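S.K.: Sharing a structure with you now.
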Amino acid sequence: MGFVGEAVCDGGMDAKVLDILENCFEWNRDRKLIRKIRKEVEDFERWTEMKAAEMLRAKRQQK
């Protein structure tokens, strides 16, 4: 995952990341970077859902 995608997914936003995102989405409209960030966030969401489902299954099996 890229620097910006990691910061977005991990909640580690700082001024540098916000500047990159503002530049990408507001001023340059860098479609390639926007597509890359979107894919990274979607991948992270899928991974999170899978991990949550695994944890729930493990918890149910412990009972």
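Throughout, read-outs are computed from the coordinates displayed, never taken from laboratory work. Treat the numbers as computed from the prediction; the structure is a model and nothing was measured. As a convention, Cβ positions derive from the backbone with ideal geometry for all residues, glycine included, and neighbour counts pool all protein chains shown.
S.K.: Subtracting the Cα-Cα distance from 0.36 nm times the residue separation, let me have the gained length for residue 58 to residue 16 in nm, one decimal. Please report the intermediate quantities before stating the final value.
M.R.: Working: separation 42, 0.36 × 42 = 15.12 nm, distance 3.89 nm.
Working it through step by step, the gained length comes to 11.2 nm.
S.K.: Along the Cα→Cβ direction, 7 angstrom out, place labels at residue 39 and residue 23. What is the inter-label distance in nm?
M.R.: 2.2
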